[in-house]
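Colleague: First, the structure itself, so that you have it in front of you.
The values are calculated or read from the model by the stated rules, or taken from the named source; none is laboratory data. Keep in mind that what you see is a predicted model, and the values were worked out from it rather than measured. When we count neighbours, we look across all protein chains shown, and the Cβ atoms used for this are built from the backbone with ideal geometry, even at glycine.
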Amino acid sequence: MDVRIIDIYVDGEGNWYYRGIPSTREDIIRIFIENLVELPDGSYGIKEGGKVHRIKVEDTPMFATSVDFIKDDKGIKEILVNIKYLDCCKSIDPKSIVVTRKGAYVKLRDSGLKAKLSRSAYMQLANIIEEESGKFYITVSGKRYYISSSEST
């Protein structure tokens, strides 16, 4: 894979910068997000053709601004997050929820990429968190998914 460096930076709140200047072109940011890849070393890049352009990321390039729940008569069937700059919701893997000192994170089902939850998104998720014997979990489609905690991401 041909990897090149491009002067794009994503801060801890999911704001994108080009050459140190905040990007105001949400349509371009949307294209970048839709073409994000995680590189083997844990860094991120934007895939374009056969090339990958490495970007600098403070935390994670995906930033979830809110959480939605799809419910049926048995309870929560699926959890969706709204990603900053995207016009659609993304389904999360419920077993991927991790809470660290830096915040709460989930993995998106379609890409496997990690997204950081905003405080308000985390509070929405916290409304469905349950506790038993000191362990925290959520229930999706009748199955318990325990929440991991870690000192780092």
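Colleague: Do any strands (runs of 3 or more DSSP E) lying entirely in region 1-92 carry at least 1 residues that are without any contact (Cβ under 8 Å) to a residue 40 or more places away in the chain and assigned by TED's automatic domain parsing to the domain that holds LYS114, and which ones are they? It would help to see each step written out before you state the result.
Modeller: Values: elements: 2-10, 16-18, 36-38, 44-48, 51-57, 62-72, 75-83, 89-91.
The strands (runs of 3 or more DSSP E) meeting that bar are 62-72, 75-83, 89-91.
Colleague: Here's another thing I want to ask about it. Can you tell me which residue is surrounded by the fewest Cβ atoms within 10 Å (Cβ to Cβ) among those in region 1-45 that are basic (Lys, Arg) and more than 16 Å from the chain's Cα centre (by Cα)?
Modeller: Quick first cut of region 1-45, residues basic (Lys, Arg) only: 4, 19, 25, 30.
Retained after the next criterion (residues that are more than 16 Å from the chain's Cα centre (by Cα)): 4, 19, 25.
Details: ARG4: 11, ARG19: 9, ARG25: 12.
Here the residue is ARG19.
Colleague: Of the residues that make up region 107-114, is at least one among the acidic types (Asp, Glu), over 23 Å from TYR17 (Cα atoms) and not assigned by TED's automatic domain parsing to the domain that holds GLY12? Break it down into steps so the answer makes sense when it comes.
Modeller: Residues of region 107-114 that are among the acidic types (Asp, Glu), as a first pass: 110.
With the extra rule that they be over 23 Å from TYR17 (Cα atoms), the set shrinks to 110.
Next, from what is left, pick out any that are not assigned by TED's automatic domain parsing to the domain that holds GLY12: 110.
Yes: one or more hits.
For (1) at negative phi; (2) surrounded by 14 or more Cβ atoms within 10 Å (Cβ to Cβ); (3) not aromatic (Phe, Trp, Tyr), each residue gets a yes or a no:
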{"position": "ARG101", "(1), (2), (3)": "yes, no, yes"}
{"position": "LEU113", "(1), (2), (3)": "yes, yes, yes"}
{"position": "TYR122", "(1), (2), (3)": "yes, yes, no"}
{"position": "PHE136", "(1), (2), (3)": "yes, yes, no"}
{"position": "ILE147", "(1), (2), (3)": "yes, yes, yes"}
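Colleague: Among the listed residues VAL81, VAL52, which satisfies the condition of being in contact with a Cys (Cβ under 9 Å, 6 or more places away or on another chain) and surrounded by 19 or more Cβ atoms within 10 Å (Cβ to Cβ)?
Modeller: Working: VAL52 fails: in contact with a Cys (Cβ under 9 Å, 6 or more places away or on another chain).
Selected residue: VAL81, the only one of VAL81, VAL52 that is in contact with a Cys (Cβ under 9 Å, 6 or more places away or on another chain) and surrounded by 19 or more Cβ atoms within 10 Å (Cβ to Cβ).
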